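The values are calculated or read from the model by the stated rules, or taken from the named source; none is laboratory data. What you see is a predicted model, and the numbers here were worked out from it, not measured in a lab. Please note: Cβ atoms are built from the backbone with ideal geometry, for glycine as well, and neighbour counts cover all protein chains shown.
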Amino acid sequence: MNRLIGIIVIIGILASSCDILRDDPVLPFPEGHGAFILNEGNYLAGNGSLSFYSLETETIYDNLFSATNDRPLGDIPTFMAIDGDRAFIIVNNSGTVEMIDLNTMESLGTLTGIISPRQMVIRERKAYVSSLMSDLIYIIDIDNLVVTGTVDIGCNSEALVIAGNRLFAANWSGGAKITVVNLTDNTVETEINTGLEPESMVLDRNNRLWVLCTGGYMNEEIPMIMKINALTLAVEDELEFRTVSDNPSSLTVNSGGDTLYYIDEGVRRMTVTTDALPENAFISTGGRLFYKLAASPWNGMIMVTDAIDWQQKGDLLIYNRNGSLVDTEQCGIIPGFVRFKE
């Protein structure tokens, strides 16, 4: 009888252990602070992937989406937006938006039918998605993952910023303007002329919109960074680079909204109160091909991706607040957009 009771107890313990395993699945990467990296993959190969760099373990974890969902992420993932415990990954050439559980990496749905999506911003349960190959801004219900409307802005778009009740959409490819959309009725309010090809833009703590204009793919004009008052829409400053041969990109801002960073023969840093571009690089390239950068919201850390030769696996470079390299990790093919996990 005692033996039978013992067997029953053991079975109960095993069953309880199985329940614990089912309730607490092993996560594909450690909890805690870190950053997601979208690896674009080779054009038309459909081998884009998602990585995560953990600040807790100082280790990178690759192929998170494909390992969890048994299918590739798609062709050229370019952007990630986060809403609570969900993330929305823009996959440009596949024309999709993947909604995933931010912790388990499980796909919660795939939105198709968007023409060449590029970036996304979220406001009041709605997302706005830019398009490289159409004149439309797509409006998405993020809870049901469906397109509920569009705004025809008359040109393609790339970078998006929301300030107050306005959406600013940069006409990057071949363009020289920012379209301002009133979000009350989703209509075009006005346009702001910029330098050629406004590639990236951010909003600072003073409600100023900073816009990096590359000067054109063929170096048609001198690049510049513009400062625009997001309330009055007035252009307050235009800071020109040195020559038409300069190739700045990837303008970003720190979480405090008082310091700007961008790529230009290394990483350059400037305060939002300055009236001149920095003369020297804050971080030198060291012979690497800097592609995208992001500023940590916690400790002044800067992360930069190195695309190497646009064919093989690239690297993630981690610098401290003083600009010193503290870690280097190999990512997937063409590591691009970086989004911190808070």
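Would you confirm whether any residue within segment 278-288 is under 20 Å from the mean Cα position of the chain (by Cα) and modelled with pLDDT of 95 or more? Before you say what the answer is, go through the steps one by one.
Here is the first cut: in segment 278-288, the ones under 20 Å from the mean Cα position of the chain (by Cα) are none.
Scanning segment 278-288 turns up no residue that is under 20 Å from the mean Cα position of the chain (by Cα) and modelled with pLDDT of 95 or more.
Criterion first (touching a residue at least 60 places away in the same chain (Cβ under 8 Å) and in contact with an Asp or Glu (Cβ under 8 Å, 6 or more places away or on another chain)) does Leu102 satisfy it? So that I can check it myself, show each step before the final result.
On the way: touching a residue at least 60 places away in the same chain (Cβ under 8 Å): yes; in contact with an Asp or Glu (Cβ under 8 Å, 6 or more places away or on another chain): yes.
Yes.
Just checking, does segment 147-159 include any residue being within 26 Å of Phe340 (Cα to Cα) and either surrounded by fewer than 22 Cβ atoms within 10 Å (Cβ to Cβ) or not aliphatic (A, V, I, L, M) (or both)?
Within segment 147-159, the first condition is being within 26 Å of Phe340 (Cα to Cα), and the residues that meet it are 157-159.
Filter once more, so that each one left must be either surrounded by fewer than 22 Cβ atoms within 10 Å (Cβ to Cβ) or not aliphatic (A, V, I, L, M) (or both): 157-158.
Scanning segment 147-159, I find at least one residue that is within 26 Å of Phe340 (Cα to Cα) and either surrounded by fewer than 22 Cβ atoms within 10 Å (Cβ to Cβ) or not aliphatic (A, V, I, L, M) (or both), so the answer is yes.
Would you be able to tell me the number of residues in segment 151-168 that are under 15 Å from Asn229 (Cα atoms) and assigned to a strand (DSSP E or B)? Can you show your working first?
In the first step, residues of segment 151-168 are kept if they are under 15 Å from Asn229 (Cα atoms); the result is 161-168.
Now narrow it down to the ones that are assigned to a strand (DSSP E or B): 161-163, 166-168.
Number satisfying all stated conditions: 6.
When residues of segment 37-55 are filtered for being surrounded by fewer than 22 Cβ atoms within 10 Å (Cβ to Cβ), at negative phi and touching a strand residue (DSSP E or B) at 6+ places or on another chain (Cβ under 7 Å), how many remain? Steps first, please.
Within segment 37-55, the subset surrounded by fewer than 22 Cβ atoms within 10 Å (Cβ to Cβ) is 42-47, 52, 54-55.
Restricting the remaining residues to those that are at negative phi gives 42-43, 45, 47, 52, 54-55.
This time we only want the ones that are touching a strand residue (DSSP E or B) at 6+ places or on another chain (Cβ under 7 Å), so: 42, 47, 52, 54-55.
Looking only at that region, the number is 5.
Name the residue that is farthest from Thr150 (Cα to Cα), counting only residues in segment 182-227 that are modelled with pLDDT of 95 or more, of a type in the set (Ser, Thr, Tyr) and assigned to a loop (DSSP other than H, G, I, E, B).
Thr214
Pull up segment 90-117, narrow it to residues that are among the small types (Gly, Ala, Ser) and assigned to a loop (DSSP other than H, G, I, E, B), then point me to the one that is nearest to Ser51 (Cα to Cα). Please lay out each step first, then the result.
To start, the set of residues in segment 90-117 that are among the small types (Gly, Ala, Ser) comprises 94-95, 107, 109, 113, 116.
If we keep only those that are assigned to a loop (DSSP other than H, G, I, E, B) as well, we get 94-95, 113, 116.
On the way: Ser94: 19, Gly95: 21, Gly113: 26, Ser116: 23 Å.
Per the stated criteria, the residue is Ser94.
Could you go through segment 258-268 and let me know if any residue there is surrounded by fewer than 19 Cβ atoms within 10 Å (Cβ to Cβ) and modelled with pLDDT under 95.
Within segment 258-268, not a single residue is surrounded by fewer than 19 Cβ atoms within 10 Å (Cβ to Cβ) and modelled with pLDDT under 95.
Of the residues Asn229, Asn219, which is surrounded by fewer than 16 Cβ atoms within 10 Å (Cβ to Cβ), touching a strand residue (DSSP E or B) at 6+ places or on another chain (Cβ under 7 Å) and among the polar types (S, T, N, Q)?
Just one listed residue meets the conditions, Asn229.
Which of the residues spanning segment 30-44 are touching a residue at least 60 places away in the same chain (Cβ under 8 Å) and closer than 23 Å to Thr96 by Cβ?
Those that are touching a residue at least 60 places away in the same chain (Cβ under 8 Å) and closer than 23 Å to Thr96 by Cβ: Ala35, Phe36, Ile37, Leu38, Asn39, Glu40, Gly41, Asn42.
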